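Undergrad: One structure follows; several queries about it will come next.
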Amino acid sequence: MKKHLLNYRISKINLVAKKLAIDYSNRTSTNENNIHSGKYAFEFNNVSKSFLNGKIKANQNINLKVKWNEIHAIVGENGAGKTTLMSMLFGLFKPDSGEIKVNDKIVNFKSAIDAANAGIGMVHQHFKLVEVYSLLDNIILGAEPVNKLGIINKKQARHKIEKLANKYNLKVNLNIKVSNASVGEQQRTEILKLLYRDSEILIFDEPTAVLSDDEIKGFLNMLLEFKKQGKTIVIITHKLNEVKAIADRVSVIRKGEYIGTYNVVDSSIEDISKYMIGTKFNETKNNRILNYNANLRNLLSIKNLTLTKISQPKILATKDLSFDVKQGEILAIAGIEGNGQSEIALAIGGIIKPKHGEIIFYGKENNKPIFIKKCSVKQIYDFGISHVPEDRLKYGLIKNESIAYNVVSSIIDRKPFSHHGIINNKAINNYARLVCNEYDVRGSQNINAPVANLSGGNQQKLVIGREMNKYHKLSILVQPTRGLDLKAISDIHRKLLQDVKKGNSILLISYELDEIFKIADRILVIDNGKIVHETLTRNSNREKIGQFLSRSAVKGCC
């Protein structure tokens, strides 16, 4: 009986696997034989989409046309509706009104599978990965190569992925689970997932947010190569230098409305930014000269810190690392992703424990040292260390909880938010509205709606606002402006500069050299878990730092 049941289950699995193989074969052949009969790859005609019973109008009467075989950029402020628009094309949302055409035919995709069958692929800003699966399994999920018996041929899949990874310098460890992968590895996995499927229309939502300078150059060259292959590329980005570098045309969305489409060659970065925000853009920069000869006291001391990699516990992320953060300074750590930065931030925040060494915080008024590795995360927060993590969804937010709760999550036990265990919802909501208004968190009109309803950029602004508004002496900021628009970045930078004027300190970990040179007082370059260069920002430039970064490489590809 057991044997018959086992054979029945195996035959059912084989039938499902065969169906997947047939579906994938049909999708591939459809893409290969696709004839561009229409002038446009896709069109939006008077498309509108709203959420929360019409309270949030994400898109309003959008009219947008993208030509075949062009690189088309879509720009706008955080929460402008860019991702929602492309998510409708990809079948994740259904329009409230209007029509979407693909290759001159009206489509009504019911799911992302329908969009994929039509030759459309999308890299999402919020990664769509299964945490308990390996990176390899995530890339091939739904498009697994199978033999005649319905058995998945992972060796064949791995070979194809490794070729793509090497060709486009998208280095990932295919064997690790998503839960152990860095944000950068997850980003590269999403890109490989799209490339693996050979789509005709490629949509990239903030694809370079966590890539290094060299990786960004490689990625942009990859898009240009795709164009040569006849593919159509849409890139949603806030990095206007990237738009100028590769895009043929750029469309601007502002507060859910279509502003216009412009030829990139005829538009300056200043022009595009003005279309985005409706006014002239003013950049924030750190122009102060901090007096390091005044014997500034240490607020944080890292001594002989040895940490293991999150994804590979047998490999060291740092070894005997030492540095100090001075009171009132913005100290930046520059380096290619994967050289120990993530582990340093998580260790200071108490989320992981060092193998050796000490993290000493001098945040008390009497300058009495606090040994961080002996403290809980709650104690570290209470002592005055705030933390904007690299992965906001994993460590920074509880996405199914309300916006209001996420603002007070680390301080809900304090007055006026609670007293003797009784929650004061009015005080929580008032404080949450104050933080959301101060940090321009758009889409937060309903403060009790799930934080998952916010766009990625607005989630990021909420996390920054929460951490900067509570009591703190030191802020650990990892990629703080990832996915933010130009104006939001400038606003955040201005608030950070105001914060250090009060005597607080910031440890900035960023892969964006532009960001580092705009606001940092001092720079440390990290390579393979070691500090290889230290300089005052005013005594350096991108070229000098770039020389040290070029020696680094992310280890453990594929």
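The values are calculated or read from the model by the stated rules, or taken from the named source; none is laboratory data. What you see is a predicted model; the values in this text were computed from it and never measured. Because the Cβ atoms are built from the backbone with ideal geometry, glycine has one as well, and the counts that use them run over all protein chains shown. SASA here: full protein model, heavy atoms, side chains in, ligands and nucleic acids out. Shrake-Rupley method; radii C 1.70, N 1.55, O 1.52, S 1.80 Å.
Undergrad: If I model a spin label as a point 7 Å beyond the Cα along the Cα-Cβ vector, how far apart are those points for Leu149 and Lys65 in nm?
TA: With each label point 7 Å from Cα toward Cβ, the separation is 5.4 nm.
Undergrad: Could you give each residue of segment 462-476 its phi-based ³J(HN,Hα) in whole Hz, using Karplus coefficients 6.51, -1.76, 1.60 with θ = phi - 60°, and x for Gly or Pro?
TA: Result, ordered by residue: 5, 4, 4, x, 4, 6, 7, 8, 8, 4, 7, 10, 9, 10, 9 Hz.
Undergrad: Across segment 399-442, what fraction of all alpha-carbon pairs, as a whole percent, falls in each successive 10 Å bin from zero upward?
TA: Spelled out bin by bin, segment 399-442 gives 30, 54, 15, 1 percent.
Undergrad: Another question, then. By a straight-distance test (C-alpha under 19 Å), which aspartates and glutamates pair with Lys228 as possible cross-link partners, with residues fewer than eight away in the same chain excluded?
TA: Partners found: Glu32, Glu70, Asp198, Glu200, Glu242, Asp248.
Undergrad: Quote the FRET efficiency, to the nearest 0.05, computed for Ile351 versus Asp104 with a Förster distance R0 of 56 Å and r equal to the Cβ-Cβ distance.
TA: On the way: r = 52 Å, r/R0 = 0.92.
For R0 = 56 Å, the calculated efficiency reads 0.60.
Undergrad: Next up: Just grab the label-to-label distance for Ser409 and Lys163, each label 7 Å out from Cα along the Cβ direction, in nm (one decimal).
TA: For the pair Ser409/Lys163, the computed spacing is 4.3 nm.
Undergrad: Could I get the Rg over Rh figure for the chain? Both from C-alpha atoms, Rh via Kirkwood, rounded to two places.
TA: Working: Rg = 24.5 Å, Rh = 25.1 Å.
In the chain, Rg relative to Rh is 0.98.
Undergrad: With the dipole of segment 317-447 worked out from charges on the C-beta (+1 for Lys and Arg, -1 for Asp and Glu) around the Cα centre, which of Leu397, Gly335, Ala345 lies farthest toward the positive end?
TA: Result: Leu397.
Undergrad: Next question, about the same structure. Around Leu536, under 11 Å between beta carbons, what's the net of Lys plus Arg minus Asp minus Glu among the other residues? Mind showing how you got there, number by number?
TA: On the way: positive: Arg522, Arg538; negative: Glu329, Asp521, Glu534.
Local net charge: -1.
Undergrad: Under the 0.36 nm per residue contour assumption, what length would be gained going from the current alpha-carbon distance of Tyr471 and Thr306 to full extension? Write out the running numbers ahead of the final one.
TA: Working: separation 165, 0.36 × 165 = 59.40 nm, distance 2.90 nm.
Gain in length upon complete extension: 56.5 nm.
Undergrad: A further question follows. Note down the magnitude of the dipole of segment 336-426 about its Cα centre, charges +1 on Lys and Arg C-beta and -1 on Asp and Glu C-beta and zero elsewhere, to the nearest 20 debye.
TA: Values: 13 positive and 9 negative charges, 63 e Å.
With only Lys, Arg, Asp and Glu charged at Cβ, the dipole is about 300 debye.
Undergrad: In the chain, what percent of the accessible surface is made up of carbon and sulfur (1.4 Å probe, ligands and nucleic acids excluded)? Mind dumping the intermediate values first?
TA: On the way: 12620 of 24960 Å².
Accessible surface attributable to carbon and sulfur in the chain totals 51 percent.
Undergrad: Suppose only helical runs count, i.e. DSSP H with n ≥ 4. What mean residue ellipticity at 222 nm does that imply for the chain under -39500 (n - 2.57) per run, divided by all residues and rounded to the nearest 500 deg cm²/dmol? List each step's numbers first, then the result.
TA: Details: 17 runs with 192 residues, N = 558.
-10500 deg cm²/dmol, from helical runs alone.
Undergrad: Over segment 324-440, what portion of Cα pair distances is larger than 21 Å, expressed as a whole percent? Walk me through the intermediate numbers first.
TA: Numbers: 3476 of 6786 pairs.
The calculated P(r) of segment 324-440 puts 51 percent of pairs beyond 21 Å.
Undergrad: Taking the Cα centre as origin and putting +1 on Lys and Arg beta-carbons and -1 on Asp and Glu beta-carbons, what dipole magnitude results for segment 100-247, to the nearest 20 debye? Can you show the working numbers first?
TA: Numbers: 22 positive and 17 negative charges, 93 e Å.
For this selection, approximately 440 debye.
Undergrad: May I pose another question? Could you do me a favour and compute the accessible area per residue for the chain, 1.4 Å probe, result in Å²?
TA: 45 Å²
Undergrad: Taking a cut-off of 24 Å between Cα atoms, list the lysines near Lys373, but don't count ones fewer than 8 places away on the same chain.
TA: Lys303, Lys309, Lys314, Lys319, Lys326, Lys353, Lys355, Lys364, Lys394, Lys470, Lys473, Lys530
Undergrad: Okay, next question. Quick one: what are the phi-derived ³J(HN,Hα) couplings along segment 65-75, Karplus 6.51/-1.76/1.60 with θ = phi - 60°, whole Hz, x for glycine and proline?
TA: The phi angles translate into 10, 10, 7, 5, 6, 10, 9, 10, 8, 10, 10 Hz.
Undergrad: About the Cα centre of segment 451-558, what is the dipole size in debye to 20, counting +1 per Lys and Arg Cβ and -1 per Asp and Glu Cβ, all else neutral?
TA: On the way: 18 positive and 11 negative charges, 53 e Å.
The dipole of segment 451-558 has a size of about 260 debye.
Undergrad: Using a basic spin-label model with each label point 7 Å from the Cα along Cα→Cβ, how many nm lie between Asn425 and Glu270?
TA: Here the modelled spin labels are 5.2 nm apart.
Undergrad: Let me ask you something else. Taking square-rooted eigenvalues a ≥ b ≥ c of the alpha carbon gyration tensor, is segment 66-191 rounded, prolate or oblate, where a/c under 1.5 means rounded and, failing that, a/b exceeding b/c means prolate?
TA: Working: a/c = 1.99, a/b = 1.52, b/c = 1.31.
Taking the square roots of the gyration eigenvalues as a ≥ b ≥ c, segment 66-191 is prolate.
Undergrad: Let me ask something additional. For the chain, give me the percentage of DSSP beta bridges that are antiparallel, rounded to the nearest 5 percent.
TA: On the way: 47 of 82 bridges.
Expressed as a percentage, antiparallel bridges in the chain total about 55.
Undergrad: Write down Rg/Rh for segment 202-295, rounded to two decimals, with Rg from the C-alpha atoms and Rh from the Kirkwood relation over Cα pairs. Don't skip to the end; give the middle numbers.
TA: On the way: Rg = 17.1 Å, Rh = 15.5 Å.
Using only Cα positions, Rg/Rh for segment 202-295 is 1.10.
Undergrad: A further question on this structure: Cross-link list Lys82/Lys501; Lys105/Lys487; Lys39/Lys82: which exceed 29 angstrom alpha carbon to alpha carbon? Let's see the in-between values first.
TA: On the way: Lys82/Lys501 36 Å; Lys105/Lys487 38 Å; Lys39/Lys82 23 Å.
Table pairs above 29 Å Cα-Cα are Lys82/Lys501; Lys105/Lys487.
Undergrad: Answer with one residue from Ser179, Ala112, Thr318: the one whose Cα lies farthest towards the positive end of the charge dipole of the chain, charges on Cβ with Lys, Arg +1 and Asp, Glu -1.
TA: Ser179
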